[in-house]
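The structure under discussion appears below in the form of structure tokens.
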Amino acid sequence: MPSKQLFKQTLNLITVALIIATSRDCPAATLRNATLQIVSTNSAQIVISWQAKSAVPAPGLQIVPDYQLEKSSDFTNWTAFGALRIGAANNQTLQTIDPVSNGPAFYRVKSIVDRPLAKLNQADLSHGELAQADFFGAEFFAADLTAANLTGADLRAADLRFATLTDAVADGADLFAVDAISAVIDFASIKNADLSFANLEATDLFGATLRGSDLRSTILTGADLRFTTLHQTLIDSHTRLDSKWIKIWQLVNNQTTNSIFTNLDLSIADIRSADMQGKNFSGSDFSSSSLAGADLRGANFTNANLRFVIFNDALMDTNTVIEPKSRLIWEIVNQGAVGRDLHGTNLNNAFLADADMRNVNLTNTTMTLAVMEFANLGGGNLRSVNLTSADCLGTIFTNAILNSANFTGADLTQANFLGATTNGAIFNGATFSQTIMPDGSIRNF
């Protein structure tokens with residue numbers, strides 16, 4: 001795991017400007033959106049100024065960083081220049097004068113958020129630029145950290161109970177012994193972080209990425225780990241993890257002790273790139289799981305529930321025991337179905353996003369609840385196809401034959417029907433938003 005010091009070196013700032021013996025302004029954006037202004041005066045002095053800005057956008061709690069100007073003559077070796085500027089007000093202009101201007105010089109300013117043991121309970125810190133911040137032992141009870149950038153931050157022993165960190169980024173953060181009981185951390189990125197000895201009981205980690213993080217002695221009992229990425233994570237005998245997710249962890253980290261995974265709940269899980277070769281999954285529930293990139297050669301899926309499974313880039317061979325419908329779905333998403341005759345086929349509950357199905361024959365095919373996002377069905381024959389409640393976000397139907405097709409309740413957001421024939425097609429309850437209709441008009445209702 002990269003050290004905290006390495007993250008400070010690579011992610012801490014910032015702004016750099018080359019000064020030569022001419023009078024000029026040199027604005028440049030910094031990590032926390034400050035702007036460095038550099039002007040040479042008539043007395044050959046260099047005036048460096050910037051505006052202090054809160055790391056948290058309004059209307060959130062205003063946290064103005066401390067600033068340290070640094071100078072270099074070779075763009076490699078940097079030394080502090082001037083005093084650390086502490087306690088500036090939001091939008092206050094800070095200024096430092098360099099009396100020596102002979103020869104080229106480089107300047108940069110570090111933006112430092114140093115708030116150990118801070119009392120931030122219920123604070124609005126959403127969208128805050130808090131990378132590398134020192135929040136050791138800080139209190140964030142029920143705080144809003146939605147979409148906050150906490151990359152490399154020091155959050156050791158912090159109180160994050162009931163806090164919201166949806167879409168937050170905390171890659172490389174030090175979360176040792178953090179208390180995050182019942183926190184909402186869905187869709188967050190917490191890669192290569194130290195979560196050892198953390199309490200994540202009943203935490204919502206739906207869709208979060210924990211890849212490469214240290215989960216040794218971590219409490220995850222009752223946590224929502226649906227679609228959570230557990231690849232390359234570390235656990236030990238003291239990690240408290242529900243049995244379902246122990247099995248998922250074993251699969252994605254190639255730590256299986258046997259080949260029998262029968263009659264298990266492996267649903268709604270991120271099982272991408274797992275080595276499942278030769279294993280027995282008979283009767284197991286994989287519904288809505290991602291097996292993208294997984295090695296399924298020789299695996300046994302007899303009577304397994306494979307509804308909505310993602311098979312993109314997965315490996316199968318003739319020794320893979322799997323129902324014909326799922327093998328067909330695998331073929332479509334990996335080999336395409338251009339010009340194929342699939343009339344009358346059952347593709348209900350199929351995940352066919354991004355599939356190339358141009359000129360396909362899908363007459364009388366049932367595709368109820370199918371996920372067709374951004375699939376290309378251009379020029380296809382879809383006469384009497386049943387796409388009831390299908391997800392057709394961005395699906396291409398250009399020049400397709402859709403006579404008597406059933407789109408009842410389908411999501412047709414951004415779908416393209418340009419040039420398609422839709423005589424007798426049923427669109428009851430369908431969602432239209434930025435949908436391109438056969439005549440080229442845009443429908444939004």
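Identify, from the list S287, S273, the residue that is of a type in the set (G, A, S), farther than 13 Å from L251 by Cβ, within 24 Å of the chain's Cα centre (by Cα) and surrounded by fewer than 19 Cβ atoms within 10 Å (Cβ to Cβ). Even if it seems obvious, please write down each step before you answer.
On the way: S273 fails: farther than 13 Å from L251 by Cβ.
When all the criteria are applied, what remains is S287.
Tell me which residues, restricted to the stretch 92-132, are at pLDDT 90 or above, more than 30 Å from A157 (Cβ to Cβ) and among the polar types (S, T, N, Q).
Q92, T93, Q95, T96
Going through the stretch 240-255 one residue at a time, which ones are assigned to a loop (DSSP other than H, G, I, E, B), surrounded by fewer than 16 Cβ atoms within 10 Å (Cβ to Cβ) and among the polar types (S, T, N, Q)?
Filtering the stretch 240-255 down to residues assigned to a loop (DSSP other than H, G, I, E, B) leaves 241-242, 253-255.
After this cut, where a residue has to be surrounded by fewer than 16 Cβ atoms within 10 Å (Cβ to Cβ) as well, the list is 242, 254-255.
Correct list: N254, Q255.
Suppose the filter is surrounded by fewer than 24 Cβ atoms within 10 Å (Cβ to Cβ), assigned to a loop (DSSP other than H, G, I, E, B) and out of contact with any Phe, Trp or Tyr (no Cβ under 9 Å at 6 or more places or on another chain); does G207 pass it? Step through it out loud before you land on a result.
On the way: surrounded by fewer than 24 Cβ atoms within 10 Å (Cβ to Cβ): yes; assigned to a loop (DSSP other than H, G, I, E, B): yes; out of contact with any Phe, Trp or Tyr (no Cβ under 9 Å at 6 or more places or on another chain): no.
No, not satisfied.
Which condition breaks for T366 when tested against (1) within 19 Å of A304 (Cβ to Cβ); (2) more than 27 Å from the chain's Cα centre (by Cα); (3) polar (S, T, N, Q)?
The failed condition is (1).
Which residues, taken from the stretch 117-132, are of a type outside the set (G, A, S) and farther than 14 Å from V178 by Cα? Write out each step before concluding.
Keep residues of the stretch 117-132 that are of a type outside the set (G, A, S), which gives 117, 119-122, 124-125, 127, 129-130, 132.
Across the stretch 117-132, the qualifying residues are K119, L120, N121, Q122, D124, L125, H127, E129, L130, Q132.
Hey, S111 hits all of (1) over 21 Å from D171 (Cα atoms); (2) outside any loop (DSSP other than H, G, I, E, B) but one; which does it fall short on?
(1)
Matching residues to (1) modelled with pLDDT under 90; (2) part of a strand (DSSP E or B); (3) surrounded by fewer than 13 Cβ atoms within 10 Å (Cβ to Cβ); (4) not β-branched (V, I, T):
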site	(1), (2), (3), (4)
S43	yes, no, yes, yes
W50	no, yes, no, yes
G60	no, no, no, yes
E70	no, yes, no, yes
T76	no, no, yes, no
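Could you tell me which of the residues T363, T318 is touching a strand residue (DSSP E or B) at 6+ places or on another chain (Cβ under 6 Å), assigned to a loop (DSSP other than H, G, I, E, B) and hydroxyl-bearing (S, T, Y)? Working first, answer last.
On the way: T318 fails: touching a strand residue (DSSP E or B) at 6+ places or on another chain (Cβ under 6 Å).
Step by step, each of T363, T318 is checked, and only T363 is touching a strand residue (DSSP E or B) at 6+ places or on another chain (Cβ under 6 Å), assigned to a loop (DSSP other than H, G, I, E, B) and hydroxyl-bearing (S, T, Y).
How about the stretch 412-441: which of its residues are of a type outside the set (A, V, I, L, M), assigned to a strand (DSSP E or B) and under 15 Å from T398 (Cα atoms)?
If the condition is that a residue be of a type outside the set (A, V, I, L, M), assigned to a strand (DSSP E or B) and under 15 Å from T398 (Cα atoms), then N416, T421, T435 are the ones that fit.
Name the single residue, out of those in the stretch 211-235 being β-branched (V, I, T) and not in a loop (DSSP other than H, G, I, E, B), that is farthest from I181 (Cα to Cα). Lay out the reasoning, then the answer.
So in the stretch 211-235, the residues β-branched (V, I, T) come out as 218-219, 221, 228-229, 233, 235.
Going one step further and asking which of them are not in a loop (DSSP other than H, G, I, E, B), we end up with 219, 229.
On the way: I219: 9, T229: 19 Å.
Ranking the candidates gives T229 first.
Which condition number does S73 fail, the rest of (1) of a type in the set (G, A, S); (2) touching a strand residue (DSSP E or B) at 6+ places or on another chain (Cβ under 7 Å); (3) on the phi > 0 side of the Ramachandran plot being met?
The one condition S73 does not meet is (3).
Only one residue in A208, A168 is more than 18 Å from F141 (Cα to Cα) and within 19 Å of the chain's Cα centre (by Cα). Which one?
Numbers: A168 fails: more than 18 Å from F141 (Cα to Cα).
Testing whether each residue is more than 18 Å from F141 (Cα to Cα) and within 19 Å of the chain's Cα centre (by Cα) leaves just A208.
In the stretch 379-400, which residues are within 16 Å of N361 (Cβ to Cβ) and buried (at least 21 other Cβ atoms within 10 Å of the Cβ)? I'd like the intermediate steps shown before the answer.
From the stretch 379-400, those within 16 Å of N361 (Cβ to Cβ) are 379-387, 397, 399-400; that's our starting set.
Within the stretch 379-400, G380, L382, R383, V385, N386, L387, F397, A400 qualify.
Look through N334, N312 and report the one residue that is surrounded by 14 or more Cβ atoms within 10 Å (Cβ to Cβ), touching a helix residue (DSSP H, G or I) at 6+ places or on another chain (Cβ under 9 Å) and closer than 25 Å to G379 by Cα. Let's see the steps before the verdict.
On the way: N334 fails: touching a helix residue (DSSP H, G or I) at 6+ places or on another chain (Cβ under 9 Å).
Exactly one of N334, N312 is surrounded by 14 or more Cβ atoms within 10 Å (Cβ to Cβ), touching a helix residue (DSSP H, G or I) at 6+ places or on another chain (Cβ under 9 Å) and closer than 25 Å to G379 by Cα, namely N312.
If you scan the stretch 402-434, which residues turn out to be within 14 Å of L382 (Cα to Cα), among the hydrophobic types (A, V, I, L, M, F, W, C) and surrounded by fewer than 18 Cβ atoms within 10 Å (Cβ to Cβ)?
I426
Restricting to the stretch 133-145, name every residue that is over 20 Å from the mean Cα position of the chain (by Cα) and either surrounded by fewer than 23 Cβ atoms within 10 Å (Cβ to Cβ) or farther than 15 Å from D179 by Cβ (or both). Walk me through it before giving the result.
Going residue by residue through the stretch 133-145, those that are over 20 Å from the mean Cα position of the chain (by Cα) are 133-143.
Residues satisfying the conditions are A133, D134, F136, G137, E139, F141, A142.
Just to check your reading of the model, which residue among S237, S259 is free of Cβ contacts under 8 Å to residues at least 12 places away in the same chain and surrounded by fewer than 17 Cβ atoms within 10 Å (Cβ to Cβ)?
Values: S259 fails: free of Cβ contacts under 8 Å to residues at least 12 places away in the same chain.
Matching residue, one of S237, S259: S237.
The values are calculated or read from the model by the stated rules, or taken from the named source; none is laboratory data. Here the structure is a predicted model, which is why all the values come from computation and not from measurement. All Cβ positions, even for glycine, are placed from backbone atoms using ideal geometry, and neighbour counts span all protein chains on display.
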